[in-house]
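Peer 1: Encoded as structure tokens, here's the structure I'll be asking about.
The values are calculated or read from the model by the stated rules, or taken from the named source; none is laboratory data. Only a predicted model underlies this, so the values are computations on that prediction, with no experimental measurement involved. Methodologically, a virtual Cβ is constructed for each residue, glycine included, from the backbone with ideal geometry; neighbour enumeration extends over all protein chains shown. Just so you know, the surface numbers come from the protein's heavy atoms only, side chains and all, with ligands and any DNA or RNA stripped out. Shrake-Rupley method; radii C 1.70, N 1.55, O 1.52, S 1.80 Å.
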Amino acid sequence: MAYFYKEPSRTFGEYLLIPGYSSAENIPTAVSLKTPLVKYRKGEEECPLQMNIPMISAIMQAVSGDKLAIALARQGGVSFIYGSQSIENEAAMVRRVKSFKAGYVVSDSNLAPTATLHDVLELKARTGHSTIAVTADGTPGGKLLGIVASRDYRINHTPDDALVTTFMTPIEKLVTAPENTSLHDCNNIIWDNKINTLPLVDAEGNLKYMVFRKDYDSHKKNANELLDKNKSYVVGAGINTRDYAERVPALVDAGVDVLCIDSSEGYSEWQSRTIGWIREHYGDTVKVGAGNVVDAEGFRFLAEAGADFVKIGIGGGSICITRETKGIGRGQATAVIEVAKARDEYYKETGIYVPICSDGGIVHDYHITLALAMGADFVMLGRYFARFDESPTNKVRINGQYMKEYWGEGSNRARNWQRYDLGGSSKLSFEEGVDSYVPYAGPLADGVQTTLYKVKSTMCNCGALSIPELQQKAKLTVVSSTSIVEGGSHDVVLKNATPNIING
Ligand SMILES: NC(=O)C1=CN([C@@H]2O[C@H](COP(=O)(O)OP(=O)(O)OC[C@H]3O[C@@H](n4cnc5c(N)ncnc54)[C@H](O)[C@@H]3O)[C@@H](O)[C@H]2O)C=CC1
Ligand SMILES: O=c1[nH]c(=O)c2[nH+]cn([C@@H]3O[C@H](COP(=O)(O)O)[C@@H](O)[C@H]3O)c2[nH]1
Ligand SMILES: [K+]
């Protein structure tokens, strides 16, 4: 006979935290959000890969491209580049993140010596950048001849057809530095010489990078940025249970730091085979997360198969229609609570702590705090990150409001090939996700900082200065549907009736 769970499964919106005692030490700036990303022998060794904030971005076309990956690593989290693209393209994205050197910019505004002021103005309008490198062949890596900045010409005075060579600051008068100069030294040179731009050149005088004064200030602001031992940003990538023998080596070769099997459902032989293949070929040097599961059994299966972390969540995502189409899934809160218990039991038995991730269904910022309090080590977000400038999708204006596009990996739009060869048909058998808009929310850095300030502030209410402390001290209560109404503004007429459901 089928098994029936005794309790209904619940989701984040049905829970609240009850404050604990907060001492004078419980202030948001004192809270650490450091959290392990991969398994380790807790108490015996350091986790080999930790994050500075408990957030990873969803393995989705509309979310995790290289631009978002850089922005998120800068804040201390990790993106998982989407796997529903060719192996070459995915590896190229990983490579772009790994070769991105914070503070060192490959010039995107370059002209040849035959260019005129007219070309300068046109280029400036196109790129929005006012510093232009003049190189022998007009490429970003050509021999550097000079630099043009706004102060080098006067519009309406300098003739439109004046050659750049007549008004640029020529190489003889430029301060430059060798290509391997450290960022710290670059900035000293910038300060000592009172310049705004320092070109870095190789032994032949070819331009390699530009270091800008204003970038250094922003670099200094990112105290949380997540770097590997070569000072490159940490990045993850999604894989599937079919082409791993080709995809994994390509991603590893591109320098990926951590992989994750991307699937709606992880309690399967496909996943244990995939992890097994990785262990056979790379031992423990290649880190791989697996999922998704929603119960203790599924967790244990993946932990025993060797997963480095386990992802929780079926059908809770904002663009998900899995529960409606397939009738599988579980309330996200219940799933997290049960899996967290299984993780702790597994740790007690084996000494190995396998971090768990709550994936999907975060609507309000406080849902992140709830997920952590319920035992998640970090959360994966799709909708949340899709709203920012750095997500790879179009920003569009609808009814006077800016929106970003956001679609599910199981939607027709994603044309996810993983879903096309069930039974050999070339047609997608059924859709499991929708195509949608989400309200545009500006730069990622601002959004993440506001969100995490709220998380830290709630943690202080609970008397916790770290995620493990929150998990130990949190007191959670289920709320009745009537008290949920009480929790919103009620019995008043709002002056500005903007719904805040989607703003967090
Ligand atoms: N978290 C969630 O609730 C959901 C997530 N999604 C997303 O949609 C995308 C696609 O997910 P899925 O459809 O679950 O992809 P999947 O690749 O895990 O599974 C697709 C189908 O292929 C089968 N399969 C897997 N490996 C195989 C192999 N080596 N040989 C033969 N058959 C194999 C599976 O059993 C399944 O029927 C993912 O990005 C996933 O994250 C989709 C629905 C729900
Ligand atoms: O049923 C689904 N159909 C889909 O097409 C789909 N695409 C992504 N996902 C899952 O949703 C998560 C993101 O959820 P949020 O937008 O709520 O953050 C993601 O991290 C995935 O777990 C899907 N689920
Ligand atoms: K299964």
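Peer 1: Of the residues in region 268-292, how many are part of a strand (DSSP E or B) and within 15 Å of ligand 2 (Cβ to nearest atom)?
Peer 2: 4
Peer 1: Does residue 253 meet the test of being within 16 Å of ligand 2 (Cβ to nearest atom), open to solvent by 20 Å² or more (accessible area, probe 1.4 Å) and touching a residue at least 12 places away in the same chain (Cβ under 8 Å)?
Peer 2: When the stated conditions are applied, residue 253 does not pass them.
Peer 1: What is the residue count in region 21-64 for residues that are surrounded by 20 or more Cβ atoms within 10 Å (Cβ to Cβ) and not in a loop (DSSP other than H, G, I, E, B)?
Peer 2: Going through region 21-64 one residue at a time, the tally reaches 7.
Peer 1: Okay, moving on. Which of the numbered conditions does residue 363 fail, given that it passes all the others? Conditions: (1) open to solvent by 30 Å² or more (accessible area, probe 1.4 Å); (2) at pLDDT 95 or above; (3) over 18 Å from the mean Cα position of the chain (by Cα).
Peer 2: All conditions are met except number (3).
For (1) closer than 30 Å to residue 228 by Cβ; (2) part of a helix (DSSP H, G or I), each residue gets a yes or a no:
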{"position": "103", "(1), (2)": "yes, no"}
{"position": "107", "(1), (2)": "yes, no"}
{"position": "120", "(1), (2)": "no, yes"}
{"position": "138", "(1), (2)": "no, no"}
{"position": "160", "(1), (2)": "no, no"}
{"position": "165", "(1), (2)": "no, yes"}
{"position": "185", "(1), (2)": "yes, yes"}
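Peer 1: Sticking with this structure for a sec: Taking the condition in contact (Cβ under 8 Å) with a residue 12 or more places away in the chain, assigned by the TED database to the domain that holds residue 307 and within 15 Å of ligand 2 (Cβ to nearest atom), does residue 238 pass?
Peer 2: Yes, satisfied.
Peer 1: For residues in region 432-466 being part of a helix (DSSP H, G or I) and charged (D, E, K, R), which is least open to solvent (accessible area, probe 1.4 Å)?
Peer 2: Out of the qualifying residues, it is 456.
Residue by residue, here is whether (1) touching a strand residue (DSSP E or B) at 6+ places or on another chain (Cβ under 8 Å); (2) exposed (fewer than 14 other Cβ atoms within 10 Å of the Cβ); (3) touching a residue at least 40 places away in the same chain (Cβ under 8 Å) holds:
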{"residue": "130", "(1), (2), (3)": "no, no, no"}
{"residue": "134", "(1), (2), (3)": "yes, no, no"}
{"residue": "137", "(1), (2), (3)": "yes, yes, no"}
{"residue": "141", "(1), (2), (3)": "yes, no, yes"}
{"residue": "151", "(1), (2), (3)": "no, yes, no"}
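Results for (1) farther than 16 Å from residue 406 by Cβ; (2) touching a residue at least 40 places away in the same chain (Cβ under 8 Å), shown as yes or no for each residue.
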{"position": "50", "(1), (2)": "yes, no"}
{"position": "57", "(1), (2)": "no, yes"}
{"position": "70", "(1), (2)": "yes, yes"}
{"position": "88", "(1), (2)": "yes, yes"}
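Peer 1: Further, regarding this structure: Residue 97 fails exactly one of the following numbered conditions: (1) in contact with a Phe, Trp or Tyr (Cβ under 6 Å, 6 or more places away or on another chain); (2) part of a loop (DSSP other than H, G, I, E, B). What is the number of that condition?
Peer 2: For residue 97, the exception is condition (2).
Peer 1: Where the second residue is modelled with pLDDT under 90 and the first is open to solvent by less than 20 Å² (accessible area, probe 1.4 Å) and lies in region 96-121, which pairs have Cβ atoms under 6 Å and are six or more apart or on separate chains?
Peer 2: Taking only residues 6 or more apart or on different chains, the pairs are 102/219; 103/183; 103/215; 103/219; 109/127; 109/129.
Peer 1: Consider only pairs whose beta carbons are under 9 Å apart and that are at least six residues apart or on different chains; among these, list those whose first residue lies in region 305-334 and is more than 30 Å from residue 42 (Cα to Cα) and open to solvent by 40 Å² or more (accessible area, probe 1.4 Å) and whose second residue is assigned to a loop (DSSP other than H, G, I, E, B) and aromatic (Phe, Trp, Tyr).
Peer 2: Note: pairs meeting the criteria are 325/430; 326/430.
Peer 1: One residue is enough: does region 380-400 have a residue meeting the conditions touching a Cys at 6+ places or on another chain (Cβ under 9 Å), within 14 Å of ligand 2 (Cβ to nearest atom) and of a type in the set (Val, Ile, Thr)?
Peer 2: Checking region 380-400: not a single residue is touching a Cys at 6+ places or on another chain (Cβ under 9 Å), within 14 Å of ligand 2 (Cβ to nearest atom) and of a type in the set (Val, Ile, Thr).
Peer 1: Under the condition of being within 16 Å of ligand 2 (Cβ to nearest atom) and in a loop (DSSP other than H, G, I, E, B), which residue from region 256-267 is farthest from residue 293 (Cα to Cα)?
Peer 2: Among residues in region 256-267 that are within 16 Å of ligand 2 (Cβ to nearest atom) and in a loop (DSSP other than H, G, I, E, B), the one farthest from residue 293 (Cα to Cα) is 262.
Peer 1: Hey, can you tell me all the residues within region 226-250 that are surrounded by fewer than 24 Cβ atoms within 10 Å (Cβ to Cβ) and assigned to a loop (DSSP other than H, G, I, E, B)?
Peer 2: If the condition is that a residue be surrounded by fewer than 24 Cβ atoms within 10 Å (Cβ to Cβ) and assigned to a loop (DSSP other than H, G, I, E, B), then 226, 228, 229, 230, 231, 232, 240, 241, 242, 243 are the ones that fit.
Peer 1: Is there a residue in region 261-277 that is away from ligand 1 (no atom under 14 Å from the Cβ) and acidic (Asp, Glu)?
Peer 2: No, the conditions are met nowhere in region 261-277.
Peer 1: Take the residues in region 264-293 that are touching a residue at least 60 places away in the same chain (Cβ under 8 Å) and not charged (D, E, K, R), then tell me which one is farthest from ligand 3 (Cβ to nearest atom).
Peer 2: Among residues in region 264-293 that are touching a residue at least 60 places away in the same chain (Cβ under 8 Å) and not charged (D, E, K, R), the one farthest from ligand 3 (Cβ to nearest atom) is 289.
Peer 1: Given the criterion touching an Asp or Glu at 6+ places or on another chain (Cβ under 9 Å) and over 30 Å from residue 439 (Cα atoms), identify the matching residue among 273, 279, 300.
Peer 2: Matching residue, one of 273, 279, 300: 300.
Peer 1: Could you check how many residues of region 141-176 are closer than 18 Å to residue 189 by Cβ and among the hydrophobic types (A, V, I, L, M, F, W, C)?
Peer 2: Total satisfying the criteria: 6.
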